[in-house]
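In what follows, a single structure is set out as structure tokens and then discussed.
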Amino acid sequence: MLADESTDARGGARRRLRRVPKPFAGWTARAICAIRSTIPVADEPHELPHVTLHFAQSLDGRIAFPRARARLSSPEGIVLAHRARAANDAVLVGSRTVHVDDPRLTVRACDGRQPRRIVLASGLDVPASARVFERGPGLLVIGARGRAAPDAVARLTAAGAQVRVVDATPDGLVSLPAALDAIRAWGVARLLVEGGARILTAFLRERLAASATVEIAPRWLGEPGLVALGAIGAGAKDASASTVALAETHVDRAGESVVVRGRVVY
Ligand SMILES: NC(=O)c1ccc[n+]([C@@H]2O[C@H](COP(=O)([O-])OP(=O)(O)OC[C@H]3O[C@@H](n4cnc5c(N)ncnc54)[C@H](OP(=O)(O)O)[C@@H]3O)[C@@H](O)[C@H]2O)c1
């Protein structure tokens, strides 16, 4: 999720975006297409989507407060994040992010096409009043077999979402490989995963993210800030063997933030 999504007044996000500095505000659809063409794409229908993680964190690696969002992205970081949305076919978040942040997951800070929206919610617990239901190119809610009740399927479908129920993990969550199969079948070749922490952790732990962009905001959240990642390694004796790295890195400024992006190496 991006730090531009206001949970209070609906006009909040629009007011913040007006403050985006000129050089970032004027990016054209042509520039967006240029980014899009740099993202590797799953050519074959059976290939899983290319997954890019994109999130904003504090200097101490935290992405939110336990039940509230933290405004971390700079105005320029918001533009980058919206460009990333426009460059991908769909944007995915976990059910907690929908409950806490109520994001729209749309492109508003730059030109570009609107991505489809995807929520992972094992029990299909997504309120029909959530802003991801607002008009757009499509919403897919993915639940887990054994937890997704038929009445929830009917409720979300009536509210305008498409619903898929896929295999569950042993702990009753949506199986990510199964979800990616369903997402690919839905026509998504490039997938942007914005969070939150449990979702980011799961994609890295299961080695399903191919690239990542991390905006690092120059502030500390401290306790009780929510750390971006839980355990992602196998807990190897050699601690360095359980880390994940970025290769072919690019480091840029986005206003006061630093943005690091690269290919994920497991
Ligand atoms: N700074 C940023 O860039 C950024 C971006 C996004 C979010 N956030 C913050 O992140 C916070 C939410 O993070 P979070 O970790 O609490 O929740 P989350 O990652 O948004 O959602 C986690 C939920 O997703 C569902 N899920 C389904 N399948 C899963 C799987 N295989 N693995 C993991 N989860 C799965 C589970 O709920 P079910 O039982 O319903 O399936 C799980 O509890 C919010 O406060 C938000 O502000 C920050």
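Numbers for the structure displayed
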| read-out | value |
| --- | --- |
| Among CYS110, PRO150, PRO170 the positive-end extreme of the charge dipole of the stretch 63-181 (Cβ point charges) | CYS110 |
| The stretch 111-226: radius of gyration over Cα atoms, expressed as a fraction of 2.2 N^0.38 Å | 1.15 |
| Length added when fully stretched, THR157-ASP252, from 0.36 nm per residue minus Cα-Cα | 30.0 nm |
| Length added when fully stretched, VAL244-VAL265, from 0.36 nm per residue minus Cα-Cα | 7.0 nm |
| Spatial extent of the stretch 69-129: Rg and Dmax, with the Cα atoms as the point set, Å | 12.4, 36 |
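Only the coordinates and a few stated rules stand behind these numbers; no lab work does. What you see is a predicted model; the values in this text were computed from it and never measured. All Cβ positions, glycine included, derive from the backbone under ideal geometry; neighbour counts span all protein chains shown.
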